[in-house]
Each structure stands twice: as C-alpha cells, then as structure tokens.
Amino acid sequence: MTVGVDFSEWVCPLPLRDYPNVIMGHGGGGKLSAELIEHLFMPAFQNNLLETLGDSTIVTVPQQRLALSTDSFVVHPLFFPGGCIGDLAVYGTVNDLAMSGARPLYLTAGFILEEGLSLSALGSVVERMGAAAQAAGVQIVTGDTKVVEKGHGDGLYINTSGLGVIPDGVHIAPQNAQAGDVVIVSGTIGDHGMAIMSVREGLEFDTVIRSDTAPLNHLVAAMLAASNDIHVLRDPTRGGVASSLNEIARSSRKGILIDERKLPVNPAVASACEVLGMDPIYVANEGKLLAIVARQNAEAVLEAMRQHPLGQQAAIIGEVVEQHPGLLVARTGIGGTRIVDMQIGEQLPRIC
Amino acid sequence: MKYLDEFRDPDLAKRLFDEIHAITTRHWALMEVCGGQTHSIIRNGIDKLLPDKIELIHGPGCPVCVTPLEVIDKALAIAAHPNVIFCSFGDMLRVPGSGQDLFSIKSQGGDVRIVYSPLDAVKLARENPSKEVVFFGIGFETTAPANAMAVFQAKQQGLMNFSMLVSHVLVPPAIEAIMASPTNRVQAFLAAGHVCSVMGYWEYEPIAERYHVPIVVTGFEPLDVLEGIRRTVMQLEAGRAEVENAYPRAVQRQGNIPAQTILKQVFEVGERKWRGIGNIPNSGWHLRGEFRQFDAAAKFAVEDIQTQESPLCHSGEVLQGLIKPNQCPAFGKECTPRKPLGATMVSNEGACAAYYQYGRFVSLESITS
C-alpha cells in the first residue's frame, strides 16, 4: 500500500461533466462547454437541425409572411407552482408569435448561467424547455451559453427568439380594433403573477396558486379556423389585462369598455389579491389571451375557444367603442364606472 | 368570495343609492377619513352615482400621504447605510423624498425590502445578527399594534440590531384639527372602520358633541360605504349629531383591548407633524423611554434632518378638503403619479392618485351616456 494516501476515501477523479454546479469553464468554449451541449442541451432539444451544430442553423420556411419575436426571462425563483423559467422561455416567445396569428416554427435559446448554479437545476429547466417545445410544436434549432461569475447573475437567465409564418388572409394588429368589436378573454386572469408572488414572498395561502403558463398557438389556430377575421390578439403578460387593453385602446384610437363582473378570476387569486391590496386586472398572465373580434364572429370564435382545453372559461368581457378614445373604462360591480389606467411601475402591496 | 361578495351586491347597492337619493334634500359635505374608503369610493364609481347634493371630501387618512417629507428623507438616509436592511410596506417605496425614493436607494445597492408584517423584520434581525434591520413604522392606529408588538418582541429577544423609524399618527386629533379650522367645510365624518376596530369609537363621542358633527363608523366595501353615507345623511337631515356604528361586524365601542394594551406599553402620545397640515398636538405615537434603544432616528442620528415641501404642491389643502385634487394647478401637469410632487399623488389611497387613475380629466358622464 502506498504510504500517504487513504484509499478508503479515495475516488476516481470525476469526469468533467459531473461537476455538480456550473463553473466558469462551462462557458469557455472548450471541452466543458461541449459536454454541456452534448449531454444537457442536445438530449432535451433533440432535432436534426440542432444536431448540425454549425455556427448558424439553416431552415426552410414556406413562402409566407414571417413573424419574428424575442424575449428574455429573468424570473425568480426559477421554479414555481405550475412551471419554471424554461416553460416561460418557450411559451413566452411562442405566444408572442401566436399573437400576430403566426404559426411558430423555430426558436433560438441563449443561456446566461451564473457560476455555481446546480447542473441538476439547469438540467431540469432544459428538460422542461424540450417538453415545452414539443407541446408547442416548435423546434429549438440553435443556442448559446455564457457563464458569468458568481454574484453577477441570478442563477439563470434565458433569452429566446422565435420565427413563425403567418397564414395568408390573417391580419392581426393592435390598431385593427373597431368600434362595435367585442373583447374576449380566454380564461381566468392573474394566476401567473400571484403564483410567483406567493412563492417569492413566502406567502402561504390554503390553496396553492399555480401559474397558467401554456402555449397559446394551438388555441389561436383553432380560433382562426373558426374565423380568420380576428382583429387583435394580445397575451396579457406583465401589467395584466389592464395594460394590454390600454395599449390596444391607444394604438387603435378607440375606447374600450369592459364589465368588471365578467372578468373570470380564480377564487384563490381573488382572495390573495384582496389580502395584498392588489387588483387582478394588473396581474401577469402567461397562458391567457385577449381577442378583439367583430361582433358577428364573436360567437363562433368563443365556441371554438371553449372547445379547446386552454379556452374553456373564455368569456366576452367588453366592447370597443367610439367614445373615450385611448382609454379603458370599467363598469364596476355595483354599476358605477371608472377609468382603468396603466400602472406606473409594478403593483405594490398596500399598507393597510 | 365569501364575506366580500355579500358587500358588493349590485341590487342592494341600488337600493341604498335609491334611499340616499330619496332622503337628501340639500347640499351636504361629508368627509371619508380613511384612504381605503377613498379608494373604494373611486374604484367602485360610488361618487358618480350619489346625488349631486352630496359632496365627498377626501380626508387625511392615508398613512403614505401624511408622512412628512423629512421622515422620508430620514428613511432614505438610513436605508443608504451599507450595513442596513431597510424594511417597509410596499407603497412607501415609491414615495419621493426631496431627492429620490427608496427604489432609487435600492438600485444604488441599498438593501431595501418589502415586508408584509413588521414581525417579518424582527425575524430578519434574528437571522442577520451582523446587520442592522430597520422597519419603517408608519400608519394610523390600524398598523400600530403590530408595530408595537414588533418592538416589544425585539426587546424580549434582546435583538439590539432591530430598530424602527416611527411616524405613527392618530385620527381623533386630526378630526378635531379639521373641525377647529376656520376654513372648515366638513359637516359630517365617515370614521375609519379599521382604526375603530382597534381603538373603538368612544373617543369620537365628545368630538361629535363638542362640534355638533355626526360621525359614522364606516367600513370599506361598497355596501359598507353606502350604508355609512346613508346613516350620515339621515342624521344631517334630522339635525342629529351622534356617533353611530355602521360597521358592527368589525367594530365594538371599546375596541380591541389587547391591541390597546400593547400600544400603551410601547408607545406614548405626543405632538406629530402631518404632511400638508403641520404640527398637531397629541396626534402621534412615539416610543416610550424604555424602548428608546429601538428608535432608528436616534440610532442613526438622522433626527435633525429638515426638509421643505415643493411650493407647487397643494396637498395640504387637498388633505383638509379645501380643494379637490383636480383643482390644484399642478395636478396632471407638473404632478402625476410618475413624477409626484406630494404624497397624495403617490399612494393608491392618495386622493390625487385616485383622481388621476380613476377619474382623471374626463367627465365619466360623457363616457357612460
């Protein structure tokens, strides 16, 4: 026995990929980077285009108008009831494409990893991204990874960009809202924002509030099959339904009048909002859409939405009007009216 | 939502509106004391559905609004200390001091955190013994018992790294100050339900009698507010001036005795400056001598900070009901929620912010007709 080495505790040096945490070398472009791609990203995102591993990926798209979108994801915590940053990174960009009526085809994914992030957390996020891409019917075809020193990031940031094609005859844009159109919401509002809030702030409610993160492109396809004359689509993410409808009112120079009583709100979300002095109309969603549709097509579109799992609670919540251009006005529960303005920054819990 | 939907019922609201219309024969000016009531009135559009003869004057009961500028400057000075974790309720973060706000301090590296209870700040102090944890203790009688409890627990646990910047204010002296003012227009008060749930309403009985002014303890849901208004108008029309409780599901005459006990143990009453109003005797709570070591203003030597208000800001007159927010020359121009000159434009509960957000420049009648 060699003197000086205690073999009872000795193990073989770990293969590089078995570091339990992200180290600076994972972003260095060497073997560690290659192993991260080979063992972590490729299995999760598997597709022929990604496997070429060239500096750029070459794709073929139909001869139609293209939609492009990009979004960055910095959510904290990385995992929350109902999803994780990976789901958001895929669905966020897919949904942005879908809101122009596009059929999303390809995504790119850029990762900024903080030194020390556990590889098992990264692995779970990437795995969820692969599953999310599959659920949305898109391919993640190229990507990038950088590592920043500990303390210079919040674990993991993801950027995704997406490419989609817009079917002929579909013309969806915020300025297309017309007086007389109806406003439809695809389901309960405020679920994502309150799910994040409850875990971030350590607030414990009797019921776990789950994020609604979901790909909306299939729902949009079903709606367009019912009527391709949809004027506006928006996914009310940050700033909630209030911000999206304000933006539509300003872009279209029309007024929007909604009935507060018709807004679907999950009871747990409504209660949490009451406790914190918040208004669900300003709270973020990640799997809901607002549609503005000519009145004569509204029933057909609504019916198509209700047939789809993500639109079962779809409801008409208001209408576009010539009056008060640029403003969102709500009829309140007791029959009064109020202007619903955009928030200045994020919504803050009230003191009492 | 159980216990809330019952108090938002549109049919019952309509009956109350009809009754208020039927009993009102002349102009009456009522003040809702609490910012939460102002918020509910504007948010539900109650003011638009009341008879024109009923004027609602928005009172000084928004803690964010009446906290003096110099207290905010003190908070900013403390929060900028490198070893401090500064804890506050959410809506104080955006209130501007004379230069910046707590959000800016945070962006410059200050450790500023939103907490939901002062006891969370005590917990932080326990978990971070090498840091100084400071809680921004503002508000009326409603938030005061929990703040008193936090100081009490910190003392019991020997947490010398915990302190509180106290700027607590009391409602009854403010009501007296309004009634004693030569420019007063208020003829009746909707007293703040949650303040009364702590303190009871016996304190208001001598005020009602001395100034011959009806005071009705009122809640916050639409039906609560309407019932408070209905009872107030009934008294005014009949020439009565009594204290009535229109919020019995939360308020008893004697209030919450255990809460009052802890308040008395930790705080003593003294003079307090109100933003926009000035000094009012016996209108605030200060830490008692035996809790002085938890006084953040003394600990961080910021007691001498003095600050001047913007001369453009008329929030004092708004708080006293002398002008409506949109009658201020700076309203919506130099002063907006994005760049507030006075705190009444900052908080959701502030009268100016409520006007800007929900009423703004547009006549709502023109919208709904």
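Scanning chain B for cysteines with no neighbouring cysteine C-beta under 4.7 angstrom from their C-beta gives B:34, B:87, B:196, B:313, B:328, B:335, B:352. Taking springs between alpha-carbon atoms closer than 10 angstrom, which of A:188, A:337, A:160 fluctuates most in the Gaussian network model of chain A? For chain A, modelled as a Gaussian network with Cα springs under 10 Å, the answer is A:337.
The trypsin sites (Lys or Arg not before Pro) of the range A:239-344 meeting both criteria, a DSSP state outside H, G, I, E and B (loop) and at most 15 other C-beta atoms within 10 angstrom of the site's C-beta, are A:253.
Note on the range A:174-339: along the principal axes its Cα atoms extend 45, 35, 25 Å, ordered by decreasing extent. State the percent of C-alpha pairs, over all pairs in the range B:43-155, separated by a distance greater than 16 angstrom. Counting every Cα pair in the range B:43-155, those more than 16 Å apart make up 64 percent. Run a plain Debye calculation on the range A:222-281 (Cα atoms as equal point scatterers, no solvent) and give log10 I(q)/I(0) at q = 0.19, 0.21 Å⁻¹, rounded to two decimals, same order as the q list. One equal scatterer on each Cα of the range A:222-281 leads to -0.88, -0.99. Shielding of peptide B:37-45 by partners, expressed as the average count of other chain Cβ atoms within 10 Å per residue Cβ, is 4.
For chain B, the convex hull spanned by the alpha carbon atoms encloses 145 Å³ per residue.
Here is the link list: B:264/B:299; B:14/B:53; A:288/B:106; B:14/B:324. Which ones come out longer than 28 Å on Cα distance? Spell out each step's value before the answer.
Working: B:264/B:299 22 Å; B:14/B:53 18 Å; A:288/B:106 33 Å; B:14/B:324 26 Å.
The answer is A:288/B:106.
Both radii come from the Cα set of the range A:16-166: Rg as radius of gyration, Rh as Kirkwood radius; their ratio Rg/Rh reads 0.97.
For the range B:202-267, GluC sites (Glu not before Pro) are listed when DSSP marks them as loop and at most 16 other Cβ atoms sit within 10 Å of their Cβ; the list is B:242.
Across chain A the C-alpha pair distances fall into 20 Å bins from zero in the proportions 28, 51, 17, 3, 0 percent. Need the list of aspartates and glutamates near residue B:131 for cross-linking: C-alpha distance under 12 angstrom, and skip anything on the same chain fewer than eight residues off. Of all the aspartates and glutamates, those that pass the test against residue B:131 - Cα under 12 Å, at least 8 places apart if same chain - are B:111. Surface composition of the range A:16-166: carbon plus sulfur atoms contribute 53% of the solvent-accessible area (1.4 Å probe, protein chains only, all chains present).
For residue B:116, the accessible area of its heavy atoms, probed at 1.4 Å with every protein chain present, is near 60 square angstrom. For helix B:171-180, report the angle its Cα long axis makes with the longest principal axis of the Cα atoms of chain B; keep it between 0 and 90° and round to the nearest 10°. With both axes taken from Cα atoms, the answer is about 50 degrees.
Only Cα pairs under 8 Å and 6+ residues apart enter the sum, and on that basis the relative contact order of chain A stands at 20 percent. Rolling a 1.4 Å probe over the heavy atoms of the protein chains gives chain A an accessible area of 44 Å² per residue.
Taking only the alpha carbons of the protein assembly as shown, we obtain Rg and Dmax values of 28.8, 107 Å in that order. For the range A:125-206, the Kirkwood hydrodynamic radius from C-alpha pairs, put into Stokes-Einstein at 37 °C and a viscosity of 0.692 mPa s, yields a diffusion coefficient of 182 µm² per second.
The distance separating the Cα centre of the range B:330-351 from that of the range B:187-221 comes to 28 Å.
Ignoring everything but the protein chains, give the 1.4 Å probe accessible area of residue B:27 in square angstrom, nearest 10. Probe radius 1.4 Å; accessible area of residue B:27 about 90 Å². Interface burial in the range B:94-117, defined as at least 40 Å² less accessible area with all protein chains than with the chain alone at a 1.4 Å probe, covers B:94, B:116.
Converting phi to 3J(HN,Hα) with the Karplus coefficients 6.51, -1.76 and 1.60 and the offset θ = phi - 60°, the range B:48-62 yields 6, 9, 7, x, 4, 5, 9, 9, 9, 9, 7, x, x, x, 10 Hz in sequence order, with x at every glycine or proline. With all projection directions averaged, the alpha carbon convex hull of the range B:98-176 covers 6.6 nm².
For the range B:1-71, the convex hull drawn through the C-alpha positions has a volume of 109 cubic angstrom per residue.
A simple packing score, the average count of other Cβ atoms within 10 Å per residue, orders the peptides A:204-217, B:292-305, B:86-99 as B:86-99, A:204-217, B:292-305, with the highest score first. Sequence-distant contacts, meaning Cα pairs under 8 Å at least 6 residues apart, place the relative contact order of chain B at 22 percent.
Rounded to the nearest whole Hz, the Karplus-based 3J(HN,Hα) values (6.51 cos²θ - 1.76 cosθ + 1.60, θ = phi - 60°) of the range A:219-229 follow the sequence 4, 4, 4, 5, 5, 5, 5, 6, 7, 8, 9, with x at glycine and proline. Shown here are the Rg and Dmax of the Cα trace of the range B:233-310, at 18.7, 55 Å. Each stretch of four or more DSSP H residues adds -39500 (n - 2.57); spread over every residue of chain B, this sum gives -10500 deg cm²/dmol at 222 nm.
Strictly greater than 23 Å: what percent of every Cα pair in the range A:80-237 meets that? Counting every Cα pair in the range A:80-237, those more than 23 Å apart make up 47 percent. Centre-to-centre separation between the Cα atoms of the range B:84-162 and those of the range B:228-264: 32 Å.
Taking a sphere under 11 Å around the Cβ of residue A:332 and counting the other residues whose Cβ falls inside, with K and R at +1 and D and E at -1, yields a net charge of +4. Loop-located GluC sites (Glu not before Pro) in the range A:277-352 (DSSP state not H, G, I, E or B) with no more than 15 neighbouring Cβ atoms inside 10 Å: A:322, A:346. Amide H contacts for residue A:165 (H built 1.01 Å from N in the peptide plane; partners 5 or more residues away or on another chain; cut-off under 5 Å): A:67, A:103, A:105. With no solvent and one equal point scatterer placed on each C-alpha of the range A:42-109, evaluate the Debye formula and give log10 I(q)/I(0) for q = 0.13, 0.16, 0.24, 0.26 Å⁻¹, two decimals. Taken in order of the listed q values, log10 I(q)/I(0) reads -0.48, -0.70, -1.18, -1.23.
The H on the amide N of residue A:266, modeled in the peptide plane, is under 5 Å from the matching H of A:189, each at least 5 residues off or on a different chain.
Chain A against chain B buries an accessible area of about 3300 Å², both chains summed, 1.4 Å probe radius.
Across the range B:135-148, rounded Karplus estimates of 3J(HN,Hα) from the backbone phi angles (6.51 cos²θ - 1.76 cosθ + 1.60, θ = phi - 60°) give 10, 8, x, 10, x, 8, 4, 5, 8, 5, x, 5, 5, 4 Hz, Gly and Pro being marked x.
Give the accessible surface of chain B per residue, rounded to a whole number of Å², with probe radius 1.4 Å and ligands, DNA and RNA excluded. Write out the running numbers ahead of the final one.
Working: 14610 Å² over 369 residues.
Accessible area per residue, chain B: 40 Å².
Remark on residue A:143: its backbone amide H falls under 5 Å from those of A:109, a criterion applied only to residues 5 or more positions apart or on other chains, H modelled at 1.01 Å from N. The range A:13-74 and the range A:122-162 have their alpha-carbon centroids 8 Å apart. Expressed as a whole percent, the accessible surface of chain B that belongs to carbon and sulfur atoms is 51, based on a 1.4 Å probe.
The values are calculated or read from the model by the stated rules, or taken from the named source; none is laboratory data. These figures come from a predicted structure and were not determined experimentally. Cβ coordinates were reconstructed from backbone atoms using ideal geometry, including for glycine residues, and neighbour counts include every protein chain displayed. In case anyone asks, the SASA skips ligands and DNA or RNA and just uses the protein heavy atoms, side chains included. Shrake-Rupley method; radii C 1.70, N 1.55, O 1.52, S 1.80 Å.
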